[in-house]
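The values are calculated or read from the model by the stated rules, or taken from the named source; none is laboratory data. Computed from a predicted model, the values in this text were never measured in an experiment. Cβ coordinates were reconstructed from backbone atoms using ideal geometry, including for glycine residues, and neighbour counts include every protein chain displayed. Protein only, heavy atoms only, side chains kept; ligands, DNA and RNA dropped before computing areas. Shrake-Rupley method; radii C 1.70, N 1.55, O 1.52, S 1.80 Å.
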Number of protein chains: 4
Amino acid sequence: MTKIKIAIISYGRIGKVHMKNLAINPDFEVVMVCDIIEDPDFKEDYPAIPFVKDYDEVLANPAVEAVLIGTPTKFHPSQIIAAAKAGKHIFCEKPVGSELDEIMEAYEAVKEAGVKFQLGFNRRFDDDFLNIKARIAEIGEPQILKITSRDPGMPPLDYVKGSGGLFMDMAIHDFDMARYMFGEVKTVSAKGGALIDPAITQYDDIDTAITTLTFENGAMAVVDNSRQAVYGYDQRLEAFGSKGMLANSNHTDHNTIFSGSDHIQSGKPQLFFLERYLKSYDTELKFFADSIKNNAPIACSFEDGIMAVKIAKSAKEALVTGQTIAIEKI
Amino acid sequence: MTKIKIAIISYGRIGKVHMKNLAINPDFEVVMVCDIIEDPDFKEDYPAIPFVKDYDEVLANPAVEAVLIGTPTKFHPSQIIAAAKAGKHIFCEKPVGSELDEIMEAYEAVKEAGVKFQLGFNRRFDDDFLNIKARIAEIGEPQILKITSRDPGMPPLDYVKGSGGLFMDMAIHDFDMARYMFGEVKTVSAKGGALIDPAITQYDDIDTAITTLTFENGAMAVVDNSRQAVYGYDQRLEAFGSKGMLANSNHTDHNTIFSGSDHIQSGKPQLFFLERYLKSYDTELKFFADSIKNNAPIACSFEDGIMAVKIAKSAKEALVTGQTIAIEKI
Amino acid sequence: MTKIKIAIISYGRIGKVHMKNLAINPDFEVVMVCDIIEDPDFKEDYPAIPFVKDYDEVLANPAVEAVLIGTPTKFHPSQIIAAAKAGKHIFCEKPVGSELDEIMEAYEAVKEAGVKFQLGFNRRFDDDFLNIKARIAEIGEPQILKITSRDPGMPPLDYVKGSGGLFMDMAIHDFDMARYMFGEVKTVSAKGGALIDPAITQYDDIDTAITTLTFENGAMAVVDNSRQAVYGYDQRLEAFGSKGMLANSNHTDHNTIFSGSDHIQSGKPQLFFLERYLKSYDTELKFFADSIKNNAPIACSFEDGIMAVKIAKSAKEALVTGQTIAIEKI
Amino acid sequence: MTKIKIAIISYGRIGKVHMKNLAINPDFEVVMVCDIIEDPDFKEDYPAIPFVKDYDEVLANPAVEAVLIGTPTKFHPSQIIAAAKAGKHIFCEKPVGSELDEIMEAYEAVKEAGVKFQLGFNRRFDDDFLNIKARIAEIGEPQILKITSRDPGMPPLDYVKGSGGLFMDMAIHDFDMARYMFGEVKTVSAKGGALIDPAITQYDDIDTAITTLTFENGAMAVVDNSRQAVYGYDQRLEAFGSKGMLANSNHTDHNTIFSGSDHIQSGKPQLFFLERYLKSYDTELKFFADSIKNNAPIACSFEDGIMAVKIAKSAKEALVTGQTIAIEKI
């Protein structure tokens, strides 16, 4: 069993998560790590792996079979194009890009090169959602999808500034989840506001939103987002249809129930995405390996990435105009 | 302690529920029951209570201090006006009427007569919602309200025909609940369709809807309605704000959990509104008595009834036009 | 449909509960109430019902068909005998008596008179336990029964003094429940102590106990009792067998879950037995009426009462001797 | 940071779990694996690690600092003694031995050698129980401990034969847990039988038991064991005291709730101990490393192992004699 030789592009918070998972993943061998900023601990933690600052150096290395791109969103399209031209398989963090014309250019490059491409909508690979997805036929005809997706606290304003806004940065996960569960989206409408911190409006952003989607099969979805649920990261989904409902619940930081003289108390939801979705980052790489090694279908495709961006951009338009926006197909 | 002498107008399904509650309510004495169709069992069940067919006979009876109106919606305004002119206190089932001009006329008549008027949005008087309402300050600034309101099965098409449609017949309870919890509604948007039974479209109606409300304080609400949840009557509410979330859960038909070789199984939600909200029909009469006897504030006012109708009518308009509709004040 | 004419013997806390239920029960008519202490409100509350101080007056009244005995335990056997001799049907609060010889004498008197006799182990008539009992075959061969039965707070020492002790006063309900669910008890063992308040030892009593029962079919049960669960009245049962487990959970004082920055909080168990088992006091009377009117089998028989006392007395013996005590049959 | 050089003794089911955990544990380096039966896959899986058949070869290797003993119980004492004499730190699977005289001899050897010794009562290191243990003061004075511990299915009779019986093989975990939570045990009583499979009696064993413990502080515990819960591995604990109760619940194989027309269904408990307690096998090694490297207190000591064996043996005696057995101290 030969291992897939992979390079990690960008060694920030998420790049480190991937490094840890890849280090013990029997399908992969990390042969290079690339970041413009040198990490002080990397040499000690992984003395055998070359750390480079130049992405071209990675692409020029014939031993590299695949790249894992975790750079800021705006760099995704050009880095995808370069990797595709170099014949490398690509795993790219979400979203696939911020501008649709650039995204479509990258999409064409990948198709032309014929390399494997998987997008990192990691929640698709969470055990809860894999279970519901696998059992979705149990609900019969899909009718109503409800997604609650709330972060535990406002991000720094500095982050907000470059985030692309609530829809592109946060709700895009939920829009992808909606498509994953119920299929192609037809229209989007949205309401939202700066209910938590008005300072966010200086970046033309909101912190709270309710988005309604309609699907080509007639079903509907509602996504409610908040940047700050004081009780913790709230990630719930209900899929309702003609034969019943499938739902998950939050994962708590502990499993203890305390019955006291005042209240019955249970644990809070796990802190944030790195805790709640930890395993999904590992699972998505298993699917990626499976597509490269066994030609298995891509579990989260470039097309999925494009559609999610289209919905997010339309949600913003719907919010501003108060109109229902139709989603164009690729 | 003298009892309030009350007459029940209309002795159908809900009239019988009220009769049973009033019969053992220490604050009321039922002195007349009125329906155009004679009930075969009434004489035997309540031999001491006169049963009449003519509403005028009720109003002409000086012993009658209050009427409980449970007739079809279209009769409400004229019956309210007549009762008000006769100086009777009025408890009227929801909705207060179907046409806004008639409703406003009745509203003026009640104000002029100075009689007490309470509307039967019984869910306000349910223990769950009373508890959440009483504790609403615990969530801090209100931000997101989510109401799931699904019936256990499609009503007969014959019922649908005269029902006023999903928004006026069913969602109106949820719109009132939204105002009860979060205050005055500013706008409404809606999506919906005939996902359960296309036959419903012949009456220009839908069976599934997602309605988004915005409030004057900036908060938002989403109501999802379905005429058919195969697992039973689904009635849940989540009130989310800057300091936390208050939520209730469904009431089940039993409290037993069976752990078997295949699954862990618990009870289904109680069948329908007469089971789930049984106690609320009793509680709302206690509030009504309190307003008559002790001049306590009306717990569900004429104005509440008008606003709920306005929102329901606007939701229909929003559905048809795809627009966000602003709600006019009284 | 003629009503059963019943007299209530003892108008204390539990007598009042029965009076309220009987007043609106279509099967019964309360024709007398008897207590040695006159209740100040009774006359006003029930002006039409004669209140007497002499039990003999009740028995001498030919209109009285049945008596409901709610006096202190020590009076039960003689009052049962007198009622049986007078040909009255008998509903008697638990326990049936405190001394076995007296109890057996009363038992013979009831058999001889041929009157109906039902004992007030009200928990048998609770919806939760009725549901589990009705479904007990779902667990296959019964193997392990677990009953948690904890009061919300220590009773006054004065009550403890005359209570008969934890086993006779409190655990006797659980011993009856064990027989109700799993059948005839073969042996009993017990451990216990005064862990809450050592003052209880002056009355040779305990406040905390773990009792193990074995059944004739080989199954086993464990009952854990505490006089003080600070979080409220804890009443749970698990019936485990070869095909699965049936379990109930506590009823809470409200159905709201609050998710806050510190904890997720839900309601406490309902305060005590009058709240938790309120409906069972009504249901048991329906069964009693059914046995009188329709000759339906007695739902909680004299024999059930005798066996519960035998187990309770043996539990005390087991506690003192450290031995396993065999239960003698009637 | 130098790694602790450890050898795994016995490469069966549990040895492989430890090998996997140690392979990615930064505190350890596996330098040898020893088993009398060669594992066919080992060479390929871990080509760099020597696999030997002779335990003496391990002990003779000066590079080996610690041994992890996972052999059958009867070999534990002699292997502990040999390791101690060789100056190796010892991690030993539970139980520490089957005969008390051998166990005590090994105990003396370990004390004399001054090596670190940790016993593998892995449940102490489960997140649920670590959480309850850490918060045990929240319940105030401990009063009642309830442990439900049921396996998902009868083991093969061949396993039963050499298992030491239900108390030594299975309940011993629960007896250790009881001591871990509530402190030193004073007496034990037990009831049990062959309710699942009578064939087990040929090995003088039982498959179902209820064991009652009393503690030196007056508190009590009850442990109920079954070899076969058809719904899965049932592992629950409730610690009840003067200020409240701490309890955990089972971990389910998935987090999805399906609401259907018949039932509300949730996931079953995880299959068995390797699933339920997977993480604890990793955590216990972290504690072991901490004791070796930083001289941290032993988290599960030799004394803990001795006491658990004493309780298990006394439970058997209690079962046979029907007596309450006092536990002798070390």
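Values as computed for the structure displayed
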read-out: Failed criterion for residue B:255 (all others in (1) away from chain D (no Cβ under 11 Å); (2) touching a residue at least 24 places away in the same chain (Cβ under 8 Å) hold); value: (2)
read-out: Every pair of residues 6+ apart whose Cβ atoms lie under 6 Å, when the first sits in the stretch C:200-213 and is without any contact (Cβ under 8 Å) to a residue 12 or more places away in the chain while the second is outside any helix (DSSP H, G or I); value: C:201/C:194
read-out: So residue B:102, is it open to solvent by 30 Å² or more (accessible area, probe 1.4 Å) and touching a Pro at 6+ places or on another chain (Cβ under 6 Å); value: yes
read-out: Criterion violated by residue A:319 - all others in (1) farther than 30 Å from residue B:326 by Cβ; (2) assigned to a helix (DSSP H, G or I) satisfied; value: (1)
read-out: Residues satisfying the stated conditions in the stretch A:288-301, i.e. assigned to a helix (DSSP H, G or I) and open to solvent by 10 Å² or more (accessible area, probe 1.4 Å); value: A:290, A:292, A:293, A:294
read-out: Only listed residue being crowded, with 19+ Cβ neighbours inside 10 Å and either small (Gly, Ala, Ser) or under 23 Å from residue D:51 (Cα atoms) (or both), chosen from D:79, D:118; value: D:79
read-out: When residues of the stretch C:230-276 are limited to those that are assigned to a loop (DSSP other than H, G, I, E, B) and over 29 Å from residue C:134 (Cα atoms), the one most open to solvent (accessible area, probe 1.4 Å); value: C:262
read-out: Residue, farthest from residue C:273 (Cα to Cα), within the stretch C:100-123, restricted to residues that are acidic (Asp, Glu) and touching a residue at least 24 places away in the same chain (Cβ under 8 Å); value: C:112
read-out: Checklist (1) assigned to a helix (DSSP H, G or I); (2) more than 18 Å from residue D:93 (Cα to Cα); (3) small (Gly, Ala, Ser) applied to residue D:78, failing item; value: (2)
read-out: Residue match in the stretch B:55-63 (condition: in contact with a His (Cβ under 9 Å, 6 or more places away or on another chain) and assigned to a helix (DSSP H, G or I)); value: no
read-out: Search result, residues across the stretch D:135-146 that are open to solvent by 10 Å² or more (accessible area, probe 1.4 Å) and either assigned to a loop (DSSP other than H, G, I, E, B) or touching a residue at least 12 places away in the same chain (Cβ under 8 Å) (or both); value: D:135, D:136, D:138, D:140, D:141, D:142, D:146
read-out: Which listed residue, of A:163, A:149, is among the hydroxyl-bearing types (Ser, Thr, Tyr), open to solvent by less than 10 Å² (accessible area, probe 1.4 Å) and assigned by TED's automatic domain parsing to the domain that holds residue A:190; value: A:149
read-out: Candidates D:75, D:51, D:129, filtered to the one that is among the hydrophobic types (A, V, I, L, M, F, W, C) and assigned by TED's automatic domain parsing to the domain that holds residue D:171; value: D:129
read-out: Test: residue in the stretch C:261-279 that is out of contact with any Pro (no Cβ under 7 Å at 6 or more places or on another chain), within 14 Å of chain A (Cβ to nearest Cβ) and among the hydrophobic types (A, V, I, L, M, F, W, C); value: yes
read-out: Boolean, residue D:38 is among the charged types (D, E, K, R) and part of a loop (DSSP other than H, G, I, E, B); value: yes
read-out: Matching residues, the stretch B:239-248, being within 19 Å of the chain's Cα centre (by Cα) and more than 9 Å from chain C (Cβ to nearest Cβ); value: none
read-out: Candidates D:250, D:295, filtered to the one that is more than 30 Å from residue D:210 (Cα to Cα) and without any contact (Cβ under 8 Å) to a residue 60 or more places away in the chain; value: D:295
read-out: Test for residue B:97: is it touching a residue at least 40 places away in the same chain (Cβ under 8 Å) and assigned to a loop (DSSP other than H, G, I, E, B); value: yes
read-out: Residues located in the stretch C:215-229, provided they are away from chain A (no Cβ under 12 Å) and either aliphatic (A, V, I, L, M) or open to solvent by less than 10 Å² (accessible area, probe 1.4 Å) (or both); value: C:215, C:219, C:220, C:221, C:222, C:223, C:224, C:225, C:226, C:227
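Yes/no per residue for (1) touching a Lys or Arg at 6+ places or on another chain (Cβ under 6 Å); (2) open to solvent by 30 Å² or more (accessible area, probe 1.4 Å); (3) at positive phi:
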site: C:15; (1), (2), (3): no, no, no
site: C:30; (1), (2), (3): no, no, no
site: C:46; (1), (2), (3): no, yes, no
site: C:60; (1), (2), (3): no, yes, no
site: C:68; (1), (2), (3): no, no, no
site: C:73; (1), (2), (3): no, yes, no
site: C:86; (1), (2), (3): no, yes, no
site: C:98; (1), (2), (3): yes, yes, no
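Here's the yes/no breakdown for (1) assigned to a helix (DSSP H, G or I); (2) among the aliphatic types (A, V, I, L, M):
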| position | (1), (2) |
| --- | --- |
| C:133 | yes, no |
| C:153 | no, no |
| C:164 | no, no |
| C:171 | yes, yes |
